[in-house]
Amino acid sequence: MKDFGNAVVYQIYPKSFQDSNGDGIGDLNGVISRLDYLKKLGVDYLWLTPVFRSPQKDNGYDVSDYYRIEPMFGTMADMDRLLAQCNARGIGVMLDMVFNHTSTDHIWFQKALAGEKEYEDYYIFKEGGPDRMPTNWESKFGGPAWEYVPSLGKWYLHLFDVTQADLNWDNPRVREELKNVIRFWKQKGVRGFRFDVVNLISKPAVFQDDYEGDGRRFYTDGPHVHEYLKELVRDTGISDMITVGEMSSTTPQHCVRYSNPEEKELSMCFQFHHLKVDYKNGDKWELMPPDRMQLKNLFERWQTLMQQQNGWNALFWCNHDQPRIVSRLGDEGTYWKQSAKMLAACTHLMRGTPYIYQGEELGMTNPHYRNITQYRDVESLNYYQILLKKGKSESEALAILDARSRDNGRTPMQWSDCVNAGFTDAAPWIELSGNYKTIHAQAQTDDEDSIFCFYQKLIALRKATEVISKGTIAFMEQENSDVLAFRRNYGTQELLVWNNLTAEEVTIPMQPSWTDYYRLLGNYEPQTETGKNIVLRPYETIVYANADLKIDHGAGIC
């Protein structure tokens, strides 16, 4: 399998990236119009969240036809043009494959509802009366995970929205149908795939109630998941293409298997443990300040184990399902720029393949909506009602959504200080963040001190030296909750990275062996060293390199 250590992926949420036809919704031609921006940033792949035909109950993650483009995004001709234009710029396109479930509008499910036994077996239907669900499992969007179909006298499983029916991967015909989808898009020129919640595809042989949780322990990393992934990759010939699996509630041991090249499954994994350090009692909808020591420990655990057992990490803070990281772990005020740069250095300098979510390279923040009518996300709208039923006041429920809603990452891309941030001339499908007048691409792309330029430098640095793309990682300052620090080694080359996670100064004792190292990168102007200590200013990142790590200053790094 191919090594993707020096690659960088940019995630696009098309609905919010760029509108080209004045309907307030981003589209494929809008993406095409911004490709030079991505080329300037320096990314290798762009990952598009689903653009397939869909009723959009879950913003495209409810696919009704894997072979057609959703009209709001454009046409197949537009997709062909996007693939060609990306290829001309040396950028590969990754498509987002939602293979755990389909929309209930999909022809397969419609045939199942019509009583065609062959298609009933494409999904997970269970016999039973209307007063007794097959299990007590809960949907990840709230409410029961089963829906009754009176005409069939059966229940179907939906781990997500009621309109997202889970596919039956134990059926070989289903697996072959999905392989054909991959073959179709591969032939079109797609160069990579992201597989949505793919570790949930294998369900247990026996369904039973869960009296300890919501049911996920029975279907997460299920009994045949590795077997089915190997089969999918082998039979579609995508082993040398970049592939990433979104892994829900997984374990490091499973991610090693998913991403170890010897297993011939996927290139890398997304896992979300580091994005739950502000979940009180593990509950997304209960707020608490981020636990920085837990964050550090999780990074060290995952990085170390994946290194020891030849697994590979997908490195990320943000995506279309997560709040903006500068709002979550950084600072929206005095240290906005510094904290955004520091958070970028944390992930881009670790072992793995970095992913940038649209606007992250600009330091975009949460929008801080004040009214439930401003939200569009099905999960957020469901949980707002659930929170009210649990006794939360409207203001308390809105405060929770302000911190947790998936819509935080879905506001329109901020291109300029013009009307609607240059995203659209019409009313946007979702409201913009109010700070687009000051946080936007036009102000940053030619500013050497900008967050955008810092991301450019991180990307160039990864491509200029193998110590980042191939080197080992070891963590420093393990007992210091304020600092995330690590060293990278490759042969005789060494990189030392310190990241101050706080708004306070932090002092690090200088080791004698570091005195000959030179400062390679930072998010502040250099200050005079005392010779005894390294003083990290609020949210400061400092990167030192030894003499054997020589960087070409023409590479756009320094």
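Numbers below:
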{"item": "Most to least packed among 158-167, 385-394 [average Cβ atoms within 10 Å]", "result": "158-167, 385-394"}
{"item": "Nearest-ten-degree value, helix 225-236 long axis tilted from longest Cα axis of the chain", "result": "90 degrees"}
{"item": "Three semi-axes of the equivalent ellipsoid, the stretch 358-457, Cα gyration tensor, whole Å, largest first", "result": "30, 15, 10"}
{"item": "Taking the stretch 471-546 and dividing mean pair separation by its residue count, relative contact order in percent (alpha carbons under 8 Å, at least six apart)", "result": "33 percent"}
{"item": "Check: the chain dipole with +1 on Lys, Arg Cβ and -1 on Asp, Glu Cβ, in debye", "result": "720 debye"}
{"item": "For the stretch 409-544, convex hull of alpha carbons as volume per residue, Å³", "result": "152 Å³"}
{"item": "Kirkwood hydrodynamic radius of the stretch 197-353, from inverse mean 1/r over distinct Cα pairs, in Å", "result": "17.2 Å"}
{"item": "Listed peptides 339-348, 457-466, 302-311 by packing density, highest first (mean Cβ within 10 Å)", "result": "339-348, 457-466, 302-311"}
{"item": "Beta bridges by DSSP in the stretch 2-102, antiparallel share as percent, to the nearest 5", "result": "20 percent"}
{"item": "Among 115-126, 138-149, 278-289, the order from most to least packed when residues are scored by Cβ within 10 Å on average", "result": "138-149, 115-126, 278-289"}
{"item": "When the convex hull of its Cα atoms is projected in every direction, mean area for the stretch 471-546 (nm²)", "result": "4.9 nm²"}
{"item": "Charge sum, other residues only, whose C-beta stays under 14 Å from residue 235's C-beta, Lys/Arg counted +1 and Asp/Glu -1", "result": "+3"}
{"item": "Hull-based mean projected area of the stretch 438-506, where the convex hull spans the alpha carbons, in square nanometres", "result": "6.4 nm²"}
{"item": "Nonlocal amide H pairs with residue 68, under 5 Å, H built at 1.01 Å", "result": "53"}
{"item": "Antiparallel bridges, percent of DSSP beta bridges restricted to the chain (to nearest 5)", "result": "60 percent"}
{"item": "For the stretch 372-476, size of Cβ-based charge dipole, Lys and Arg +1, Asp and Glu -1, in debye", "result": "540 debye"}
{"item": "Counted charge near residue 84, where neighbours are those whose Cβ lies closer than 14 Å (Asp, Glu -1; Lys, Arg +1)", "result": "+2"}
{"item": "Under 23 Å from residue 280, Cα to Cα: lysines that are on another chain or at least 8 residues apart", "result": "140, 296, 389, 390, 392"}
{"item": "Computed over the stretch 74-122, Cα set: Rg, Dmax in Å", "result": "16.9, 49"}
{"item": "Crossing angle, helix 76-88 versus the chain [Cα axis fit, 0-90 degrees, rounded to tens]", "result": "20 degrees"}
{"item": "The chain: angle of helix 292-308 to the longest principal axis, Cα-based, in degrees nearest 10", "result": "80 degrees"}
{"item": "Lys, Arg +1 and Asp, Glu -1 on Cβ, resulting dipole of the stretch 471-546 about Cα centre, debye, nearest 20", "result": "240 debye"}
{"item": "Summed residue charge, Cβ within 13 Å of residue 175's Cβ, Lys/Arg positive, Asp/Glu negative", "result": "-2"}
{"item": "Rg to Rh quotient for the stretch 74-155, alpha carbon positions, Kirkwood Rh", "result": "1.20"}
{"item": "Contact order relative to length of the chain, as percent, for alpha carbon pairs under 8 angstrom and 6 or more apart", "result": "13 percent"}
{"item": "The stretch 1-148, accessible surface, carbon-and-sulfur percent (1.4 angstrom probe)", "result": "45 percent"}
{"item": "Inter-site label distance for residue 309 and residue 217 at 7 Å from Cα along Cβ, in nm", "result": "2.0 nm"}
{"item": "Cα convex hull volume per residue for the stretch 107-166 (Å³)", "result": "69 Å³"}
{"item": "Computed Kirkwood radius, in angstrom, where 1/r is averaged over Cα pairs of the chain", "result": "24.5 Å"}
{"item": "Estimated 222 nm signal from helices in the chain, with DSSP H stretches of n ≥ 4 weighted -39500 (n - 2.57), rounded to 500", "result": "-8000 deg cm²/dmol"}
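The values are calculated or read from the model by the stated rules, or taken from the named source; none is laboratory data. Please read all numbers here as calculations on a predicted model, not as lab measurements. Heads up, the Cβs are rebuilt from the backbone with ideal geometry, glycines too, and the neighbour counts pull from every protein chain shown. SASA here: full protein model, heavy atoms, side chains in, ligands and nucleic acids out. Shrake-Rupley method; radii C 1.70, N 1.55, O 1.52, S 1.80 Å.
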